[in-house]
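Structure first, commentary second.
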Amino acid sequence: MFKRLLATLLIVLTLVPVAGAADNRDELKETLRTLLRDNPDLVLEVLREHSETVLEIAQQGANQRRRKVLVAQWKTDLEDPKKVNLADRPVRGEANAPVTVVAYSDFTCPYCQQAAGTVEMLLANYKGKVRYVFKQMPLETHENARTASNYYVAASLQDPAKAWKLYEAVFADRDRLVTEGEPFLKKVAQEAGLDMQRLATDIKGRKVKALIEEDMAEARKLGVQGTPYFLVNDLVVRGALPLDLFSDAVDMALEKAGAKK
């Protein structure tokens, strides 16, 4: 009986910040304190038996707090317009979509790979309302990062649709990029149907280098310190946010743009 009551109180007490029932919190704490004082050996046993439930509820509370922090930040972001150059960058989605998601990302980064999957879901969920631009911020810590950026940018100058095929293939097999490097990139470029001779020439050309350097300089100006980093119109999204939080940013941007969600 005590174990069931203690488990219930632990779960309810953990849930209180999420539910907002602050008036009952002191009373619950006092009841729990009494139970623990009278039954000190039960708490660890109860936590072990109900660890998944308690952790899940605690995570819900953490997500709610994180959402509040992000929303407050995004409200400030709305008053701070960001200028980015989208010329010569392929766009995924409707060209006139009210929300533009700009990524500063790296093909060798596992979090960037995760975030790329989230962006695909956003494009599906907000079809016609969101467009996507992938900018380069190759990490200096991995030798294949800049090489992958070279291939993607050169592919985009040749054929944007084929560049997106390369993008998908590289992120789908990020581990092979990390371990195999340029041989893997050549393989996916061929499979994407790119003109390999022109690709090799463009990779060494000034245009590819200039575009990547411009992306990196733009990222530094924005204060980007790690990948992935996104702009959702003017809202800043750092890291691989889960879909629901990323969607909150899109919804806020749509509202600001006067578009329906």
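The values are calculated or read from the model by the stated rules, or taken from the named source; none is laboratory data. Computed from a predicted model, the values in this text were never measured in an experiment. Cβ coordinates were reconstructed from backbone atoms using ideal geometry, including for glycine residues, and neighbour counts include every protein chain displayed.
Restricting to the stretch 208-233, what's the tally of residues that are touching a residue at least 60 places away in the same chain (Cβ under 8 Å) and either closer than 20 Å to Ala154 by Cα or among the aliphatic types (A, V, I, L, M) (or both)?
11
If Val153 passes every condition in (1) more than 17 Å from the chain's Cα centre (by Cα); (2) in the same structural domain as Ala240 (by TED's automatic domain parsing); (3) under 14 Å from Val232 (Cβ atoms) but one, which one does it miss?
(3)
Out of (1) touching a Gly at 6+ places or on another chain (Cβ under 9 Å); (2) of a type in the set (Gly, Ala, Ser); (3) more than 29 Å from Pro242 (Cα to Cα), the odd one out for Ala192 is which?
For Ala192, the exception is condition (1).
Where residues in the stretch 124-145 are in a helix (DSSP H, G or I) and either surrounded by fewer than 19 Cβ atoms within 10 Å (Cβ to Cβ) or without any contact (Cβ under 8 Å) to a residue 12 or more places away in the chain (or both), which of them is farthest from the chain's Cα centre (by Cα)?
Glu143
Taking helices (runs of 4 or more DSSP H) that fall entirely within the stretch 172-261, which contain at least 1 residues that are in contact with a helix residue (DSSP H, G or I) (Cβ under 9 Å, 6 or more places away or on another chain) and farther than 22 Å from Pro160 by Cα?
Where helices (runs of 4 or more DSSP H) fall fully within the stretch 172-261 and carry at least 1 residues being in contact with a helix residue (DSSP H, G or I) (Cβ under 9 Å, 6 or more places away or on another chain) and farther than 22 Å from Pro160 by Cα, they are 174-180, 243-256.
Within the stretch 141-171, count every residue that is out of contact with any helix residue (DSSP H, G or I) (no Cβ under 8 Å at 6 or more places or on another chain) and either closer than 20 Å to Ala87 by Cβ or modelled with pLDDT under 95 (or both).
So the answer is 6.
Only one of Lys204, Lys187, Lys209 is surrounded by fewer than 16 Cβ atoms within 10 Å (Cβ to Cβ) and closer than 21 Å to Ala116 by Cβ; which?
Result of the check over Lys204, Lys187, Lys209: Lys187.
For the stretch 70-122, enumerate the residues that are part of a loop (DSSP other than H, G, I, E, B) and free of Cβ contacts under 8 Å to residues at least 40 places away in the same chain.
Matches in the stretch 70-122: Glu79, Lys83, Ala87, Glu94, Ala95, Asn96, Ala97.
Which number in (1) among the charged types (D, E, K, R); (2) under 28 Å from Glu94 (Cβ atoms); (3) modelled with pLDDT of 95 or more marks the one condition that Lys209 misses?
(2)
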